[in-house]
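I have placed the structure first, in the form of structure tokens, so that the comments after it can refer back to it.
Values quoted throughout were computed directly from the atomic coordinates according to the rules given, and no laboratory measurement underlies them. Source: prediction; values computed, not measured. Using ideal geometry, Cβ is built from the backbone for each residue, glycine included, and neighbour counts are taken over all protein chains shown.
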Amino acid sequence: MRIVVTGSAGHLGEALMRVLGADGLDVVGLDVVDSPYTSVVGSIADREYVRRCIEGADAVLHAATLHKPHVGSHGRQEFVDTNVTGTLCLLEAAVAAGVGRFVFTSTTSAFGRALTPPPGAPAAWITEDVAAVPRNVYGVTKAAAEDLCELIHRDHGLPCVILRTSRFFPEGDDRDEIRAGYDDANVKLNELLYRRVDLDDVVGANRLALERAPAIGFGRYIVTATTPFSRADLAELRVDAPAVLRRVVPEHEDVYAARGWRMFPGIDRVYDNARARDELGWRPRYDFAYALERLRAGEEPRSELALAVGARGYHAESTGPYTVR
């Protein structure tokens, strides 16, 4: 199988190139940035470049994007060019080339303002059925790209699977008060409870999406670590998340106490990955419970793949961990 991977110089793109290449698959990495995992440098908004790269391909894994950290450094037109026009170029080239499956990496950020309930309301339980209310141009363009995937599937029959991934980047949190108040490893472990996923598990979701796309036809899935919380916990999670964590996962206390860690006072949303588990057969390994086991054993909670890929950054010059919230 010949697989085109876009965004091959980024976190996920490199991870896909590493894993699929090691499996002996014929992978072609596309990116505007040269890297050890980029085969052909160019823009996905360039139709001729895309056409040449996709000719003869069996599948496309589309991970290239302008990200949330680029909101303060790139204009809206640049977001449209990359995230919308680039996706359309890839989809239309895939149809013309007879590609059999297309997997698009989207983001839970596409839910936007739906992730923040009004004051006094319980935390939001986020499934694929929650209506997106984009917060910024990043969310708008990712949601538009998802709609293009659905349109091309309906019009041309191209099997398309959308993976709305939660946080998997290794950079620090974009909120000053969180970076100042919590150890970074503490933050990321807390997030595994409700809004984070390990890079290795994201690659696993992509591989299952590749395998099952023809049978699924079109599907949209939240890709996040499995939460130990339930809908019944939502009201208390908003106002006293530590109490819920003590009740639901009491075995965390010794690990946290030994490191001086603590849970956030409250959280505003919980991502539910049930549909990905049910329809893709996806079983994320690096959840909160597994991370606790590894920490208790004196081991690194992140996957070897996440450690190998490391941090990528989003700008040629440092602008902080993020640019704009």
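Would you please classify the overall shape of the range 1-63 from the alpha carbon gyration tensor, given that a ≥ b ≥ c denote the square roots of the eigenvalues, rounded means a/c under 1.5, and beyond that prolate means a/b larger than b/c while oblate covers the rest? Taking the square roots of the gyration eigenvalues as a ≥ b ≥ c, the range 1-63 is oblate.
For the pair Arg296 and Ala232, a Förster radius of 22 Å applied to the C-beta separation gives a FRET efficiency near 0.20, rounded to the nearest 0.05. Rounded to the nearest whole Hz, the Karplus-based 3J(HN,Hα) values (6.51 cos²θ - 1.76 cosθ + 1.60, θ = phi - 60°) of the range 299-306 follow the sequence 10, 6, x, 7, 5, 4, 5, 4, with x at glycine and proline.
Across the range 88-97, computed HN-Hα scalar couplings (Karplus, 6.51 cos²θ - 1.76 cosθ + 1.60, θ = phi - 60°) run 4, 4, 5, 4, 5, 5, 5, 4, 4, 8 Hz from first to last residue, x flagging Gly and Pro. Full extension of the segment from Ala274 to Ala215, taken as 0.36 nm per residue of separation minus the current Cα-Cα distance, would add 19.4 nm. Taking amide H positions as modeled 1.01 Å from N, with prolines and chain starts lacking one, the residues under 5 Å from Asn273 and 5 or more places away or on another chain are Thr227.
Please rank Val5, Val244, fewest neighbouring Cβ atoms within 10 Å first, as an exposure proxy.
Values: Val5 30, Val244 25.
Starting with the residue having the fewest Cβ neighbours, the order is Val244, Val5.
By definition, a body whose alpha carbon gyration tensor gives a ≥ b ≥ c is oblate when a/c is 1.5 or more and a/b is not larger than b/c, and the range 220-312 fits this oblate description. Dipole check for the range 29-164: with +1 at the C-beta of Lys and Arg, -1 at the C-beta of Asp and Glu, and the Cα centre as origin, the magnitude is about 380 Debye.
Residues whose amide H lies under 5 Å from that of Val133, counting only those 5 or more places away or on a different chain, are Gly112, Arg113, Ala114; hydrogens are built 1.01 Å from N in the peptide plane. Here is the short version for the chain: Cys53, Cys89 have no other Cys C-beta closer than 4.7 Å. Only the Cβ atoms of Lys and Arg (+1) and of Asp and Glu (-1) were treated as charged; on that basis the dipole of the chain about its Cα centre amounts to roughly 500 debye.
Put simply, the amide H of Val5, placed in the peptide plane, has neighbours under 5 Å in Val28, Gly29, Leu30, Leu61, leaving out anything fewer than 5 places away on its chain. Evaluating 6.51 cos²θ - 1.76 cosθ + 1.60 at θ = phi - 60° for every residue in the range 19-26, the Karplus couplings come out as 6, 5, x, 5, 7, x, 7, 7 Hz, glycine and proline recorded as x. Across q = 0.09, 0.11, 0.14 Å⁻¹, the range 2-309 modelled as identical point scatterers on its alpha-carbon atoms has Debye log10 I(q)/I(0) values of -0.45, -0.67, -1.06, in the order of the q list.
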